[in-house]
Each structure stands twice: as structure tokens, then as C-alpha cells.
1. How long are the semi-axes of the equivalent ellipsoid of the chain, taking √(5λ) for every eigenvalue λ of the Cα gyration tensor, in whole Å from largest down?
2. Whenever you get a sec, line up SER585, SER510 from highest to lowest accessible area (probe 1.4 Å, protein heavy atoms).
3. Amide H of CYS338 versus every other amide H placed in the peptide plane: which residues, excluding those fewer than 5 positions away on the same chain, fall under 5 Å?
4. Could you tell me whether the stretch 102-250 comes out rounded, prolate or oblate from its Cα gyration tensor? Rule is a ≥ b ≥ c as square roots of the eigenvalues, rounded for a/c under 1.5, then prolate if a/b exceeds b/c, otherwise oblate.
5. Over the chain, what is the percentage of antiparallel beta bridges among all DSSP beta bridges, to the nearest 5?
6. Whose amide H sits under 5 Å from the amide H of SER485, counting only residues 5 or more places off or on another chain, with H placed in the peptide plane?
7. Can you list residues from other chains, or at least 5 along the same chain, whose modelled amide H is less than 5 Å from the amide H of GLY132?
8. Per residue of the stretch 4-15, in order, report the coupling 6.51 cos²θ - 1.76 cosθ + 1.60 (Karplus, θ = phi - 60°) as ³J(HN,Hα) in whole Hz, putting x for Gly and Pro.
Amino acid sequence: MAGAAHCSLQVKRLLLDPKFEGYKLSLEPLACYPLGLDAAVAEVKLRDDQYTLDHMRAFGMYNYLHLDSWYQDNVYYVDQFGRVMNLSVTLDTALQKPREVFRLPTDLTACDNRLCASIHFSSSTWVTLSDGTGRLFLIKSGKRGNSASEKWEIVFNEELGSPFIIVHSVSFVKSDIHSVAVLLLRVEKDELDTKGSGFHITLEWVTIAEISKEGDHRYEIFKRRILQGKSVPHYAAIEPSGDGLMIVSYKPFKFIKDEDSNLEEENDDAKATNEKKDPLYYWQQTEDDVTITVHIPQDIAKDDIKVRFSPDSICVILKDQPPLMEGKLYSSVDHESCTWIIRENKSLEISLTKKNEGSRWPELIIGDTRGEFIMDSAQCSEIAESLMHLTSEVMNPNPEKENPPCNAQELEECDAFLEDSASLCRFDGDTLKVTHVINLGSNQYLFSVVVDPREMPCFCLRHDVDALLWQPHSDQPENMWEHISTFNALGYVQASKQDKKFMACAPDYSYAALCECLRRVFIYRQPTPLSTVLYNRKEGRQVGQVAKQLVTTLEASDPILGFQATSERLFVLTTKTLFLIKVNSGN
């Protein structure tokens with residue numbers, strides 16, 4: 001991950017509630033509407049050779065219910081006859097039976113090593129579909145949720161190797177060419193892995209584009225790229241523009257290239273190690289500005305130098321040659337105040353004025369590793385001083401301290417994480433390299449949710465006891481991951497639920513919910529103002545708002561196979577029944 005910008009998630013303090021007092025169990029009844037299915041859900045149980053934790057995460061815990069975020073309260077599932085069934089809800093008291101919108105052309109029972117069928121809604125009119133046998137369908141659906149305009153028509157249908165499930169897909173137009181990018185996940189046998197599980201994970205990033213030949217319009221595979229890792233990703237999504245990919249995983253992923261390019265890469269690496277070049281430029285920074293020093297050849301005069309500044313980029317050209325330095329700056333600058341001069345020692349000195357004063361830049365130009373940062377002694381002393389309180393020459397120097405630091409013996413069982421070193425990486429689609437990386441440390445991944453279907457899915461992480469929702473913005477380098485909502489104490493609460501299977505939240509953040517493997521569903525509402533007066537007896541003060549926890553037990557003995565949340569309802573799918581739980585009343 002050399003050259004990747006190491007970033008951090010910026011928590012919005014205004015979205016945290018340090019005085020949150022916990023959830024109060026509410027006995028208010030929730031309306032629950034069971035809907036019997038004509039045919040059972042096409043559940044595929046794990047085979048004897050699918051015995052690893054990764055198989056369980058990818059396929060054993062698969063969510064068989066698919067929410068169409070482009071249309072309100074619209075869900076889909078595939079039944080045992082290979083029919084894609086849809087339920088579109090407008091009125092809970094007048095529910096229609098799920099209707100068939102598409103039938104898979106292949107006989108699902110004929111394939112022994114198949115996986116579960118998977119669906120992803122790329123846009124309001126495009127759908128990607130897999131039958132679980134290794135075949136990918138691209139479907140033009142028309143406007144969904146309306147039987148009059150909805151007609152699923154196959155425009156691409158191809159065998160892509162071993163069985164896979166669809167993780168994510170996007171539809172986009174570039175240079176007047178419509179494309180659909182789709183991400184496929186496989187768990188494959190790894191003969192070289194003798195010490196681990198014997199399997200590796202592959203993510204195949206396939207781009208299908210519309211090709212016009214002599215008036216004939218058809219869709220063909222434009223590009224196939226493969227990433228490989230050693231753990232099933234918690235989160236993997238393609239950027240809306242199709243230019244990049246974001247992955248949250250315990251173990252890192254990397255692109256796998258063919259043998260020729262691997263040899264070239266090895267040769268390049270060997271050359272790089274043999275010829276350790278001097279840095280192209282040196283740079284320093286204060287709280288207010290950045291200074292760049294570039295050594296220039298003796299024959300270069302002032303008129304041969306062109307330096308262009310913009311609010312977020314820089315370009316340096318010497319004597320009509322290719323740009324010496326060019327790229328996007330780590331943060332914005334006041335480009336009208338930026339200057340450059342030539343020093344007596346034949347060096348070019350460029351001064352940039354930071355727009356956000358006080359912020360420290362971890363790099364100058366994003367992804368450019370040709371420069372070297374020089375830290376002055378005052379900055380070194382300042383950093384050392386700020387870390388002084390974390391170190392001591394004496395073991396436990398103050399054991400009688402009133403608030404001693406937390407130790408491992410004080411942690412409860414639900415505070416222990418199976419994985420404590422997950423990372424979030426952003427890959428560039430052209431260079432196939434990591435451009436940004438965040439070490440999530442103990443910020444346990446909880447779930448993902450689509451808040452706006454035109455944006456990337458959000459992901460929810462545990463921060464201390466809370467659960468924080470993050471919205472990726474691939475087109476905003478300075479705000480690439482935005483903290484948009486907080487579910488108070490949910491990180492702690494969910495950890496105590498030993499039998500939890502799925503988690504979700506409403507797209508309007510009004511509640512979060514989780515379900516167990518069987519029957520029980522827990523709902524956690526955001527704090528709301530009270531209509532009556534309530535006092536905290538311990539502190540003798542009036543409580544202004546309260547957060548409610550609700551519990552619903554489904555009248556079903558079958559395991560829960562699917563779980564989706566909308567702003568008004570929860571949809572819960574079992575083998576033979578689809579339950580609708582009315583959580584919020586509509587406006």
C-alpha cells in the first residue's frame with residue numbers, strides 16, 4: 001500500500017449524545033402482517049466442503065430478501081422454482097400476494113455446486129442477477145414496482161466461470177456509452193495455502209458496456225479485473241462513476257494480474273530498489289502554509305518555468321517538458337495567495353497558503369511518493385510533548401489515581417472483538433492501486449444500508465459503545481467518509497445479542513433493528529421528546545426525551561432468511577412466510 005494516503009474518520013461531535021441514558025423497554029404493540037408464500041424461498045444450505053468461517057459469512061448468513069432502494073417499500077426474493085418474486089407495499093391492510101416478475105431460464109436443481117441466487121438493483125431501470133451457477137444476467141426492467149411499466153428483459157447473459165454471488169453493481173454513462181459495473185464474490189480452493197483455511201476470496205470487478213456495431217446495439221464485457229484476499233469483505237462497493245472501489249475487510253485485498261504484468265512489476269520493483277533516487281522535491285509545513293523546494297537544472301531560466309495554482313491542485317512545468325509535478329493537493333489552498341521564487345542555489349521554492357489553517361497534511365500531492373517531508377525540530381518537540389502523557393519510565397506510576405485507565409480485566413465479554421485490525425481501502429480502477437486506507441482498529445463493522453441509491457451504500461461501525469453511520473463520497477476527496485448519524489449505545493447493545501443474524505436501520509435513521517436466527521426482532525428507536533413529565537430519581541432532574549426498545553416475536557418456527565428495513569416498515573423473510581412489521585406510521 002505504498003503511496004496510499006493514510007486517512008482517519010472524522011466524527012461529528014454534534015451527532016454524539018454523551019448524556020444518553022439507555023433504552024427503555026416499551027410494551028407498545030407493533031402491527032405485524034404475515035404473508036404466506038406460494039412456494040418456499042430458494043435457500044441453498046452449505047455443503048460438507050463449505051466448512052470455513054468465510055463460507056458461513058458469505059453464503060450461510062446470506063440475506064435472501066432484496067430491498068429495491070430506488071422505489072419505496074419494494075422487496076424481492078427468489079423462490080424454489082427460480083421465480084423472482086416481488087412485493088410492493090402501499091397499504092399494509094390491503095396486501096397483495098407476491099407477484100412473479102421474472103423466471104430464471106436455468107433449472108436450479110440441476111447444478112450440484114450452485115450457490116444462492118443473488119440480485120442487485122444497479123439503477124431505477126437496470127438489474128443484475130445471478131442464478132448461483134456462475135451465470136450473470138443483465139436485465140433492463142423498466143420502472144419497477146408498477147406492473148404496467150415493469151418488464152424484465154435480458155440484454156446480457158453469460159457464463160463467467162465458477163459460481164458466485166453479486167455483492168454490488170452500478171449503472172453509469174461515460175462518453176455517451178452506457179455501462180454497468182458489477183462486483184462478484186467467490187470463495188475458492190487455494191492449493192498453495194497449507195497453513196490457513198485452504199481457501200481464498202476473490203472479488204471480480206466486471207464492466208459490461210453497450211457496443212454499437214452497424215446499427216446493432218448489444219452489451220458485452222468491456223473489462224474484467226480480479227482482487228484476491230484471505231477473508232470475506234464486510235463491505236465492498238463500486239463508486240457511482242465506476243472509477244473506484246471501496247472495501248472493508250479484516251485481511252487486505254490486492255489485484256491479481258497476469259504473468260507478463262507480474263514479471264514487469266517484479267522488474268520495476270528490482271530497478272526501484274537498485275536505483276534509490278533522491279527525492280524529486282522536499283516539503284515542509286506550518287499550521288498556515290506549505291513550502292516546497294525543487295532542485296532545477298542549471299540551464300533553466302525563470303521564463304522557462306510555469307507554475308499553475310488552483311484551489312485544490314498544482315502543476316509545475318519546466319521548458320515545455322512534461323509536468324515535473326502535477327496532481328491533486330491533499331487539502332484546499334488559497335490559490336490567489338500562492339507564490340514561487342528561484343533561490344540563489346538554483347532551487348525553485350513554492351509557497352502554498354492553507355485554506356484550513358491548523359490542519360496537518362500527511363502528504364502533499366495525493367498518491368505522489370516522489371517527495372520527502374522534512375519536519376523541523378520545533379514540530380518534533382511539539383509532537384513528543386503531546387505524546388508524553390502516554391509514556392512513563394515507571395511501571396504503573398500512580399496506582400491510586402482516581403480514574404485509572406481501563407484494563408483488560410474490566411472489559412465485559414461483549415466488548416471482545418473477533419477481529420481488531422480491519423481496514424477500509426479505496427482502490428483506483430485505472431491504476432488498480434490503493435489510494436486511501438483507514439485502519440479501523442477496534443471500530444467493529446456492524447452493517448451497511450443504502451440511504452440514497454445514487455450514492456454508495458453507508459456502513460455502520462462501532463465507536464466505543466455507540467454505532468456511527470458513515471456515508472462514502474467518492475467525489476469529495478476532503479470529505480470522503482461523512483459521519484451522518486449515530487445510534488446511541490447500539491454498539492454495546494448488539495454485542496450482547498449472542499444469536500443475532502442480521503442488522504439494519506431505516507434510511508431516515510429513525511430506528512435500528514436486529515433479528516435473531518429464529519423469531520425475535522429487536523427495534524431501537526432514536527430518542528424522542530416526551531409528552532408527559534418524567535424525572536430521573538438518581539439525579540433529581542427532569543428527562544426531556546427517551547429512546548425506546550421494542551421486541552417482536554414472529555409466529556413462525558422456520559429460521560429467518562432475510563431482513564430489510566425501510567423508513568416505515570421492517571420486512572422479515574422465513575422459508576414460507578414474509579412478515580411486515582409496521583414500525584413508523586407514514587406522513
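The values are calculated or read from the model by the stated rules, or taken from the named source; none is laboratory data. This is a predicted model, so every value here is computed, not measured. Note that each Cβ is placed from the backbone with ideal geometry, even for glycine, and that neighbours are counted across all protein chains shown. We work out accessible area using only protein heavy atoms, side chains counted, and drop any ligands, DNA or RNA first. Shrake-Rupley method; radii C 1.70, N 1.55, O 1.52, S 1.80 Å.
1. Numbers: eigenvalues 407, 239, 111 Å².
Over the Cα atoms of the chain, the semi-axes work out to 45, 35, 24 Å.
2. Values: SER585 95, SER510 35 Å².
Largest accessible area first, the residues go SER585, SER510.
3. Long-range HN contacts for CYS338: THR353.
4. Numbers: a/c = 1.93, a/b = 1.49, b/c = 1.30.
Prolate.
5. Values: 157 of 165 bridges.
Close to 95 percent.
6. Amide H to amide H, under 5 Å and 5 or more residues apart or across chains, SER485 pairs with LEU469.
7. Hits under the 5 Å cutoff: SER118, PHE164.
8. Along the stretch 4-15, the couplings run 7, 7, 8, 10, 9, 8, 9, 6, 8, 4, 5, 8 Hz.
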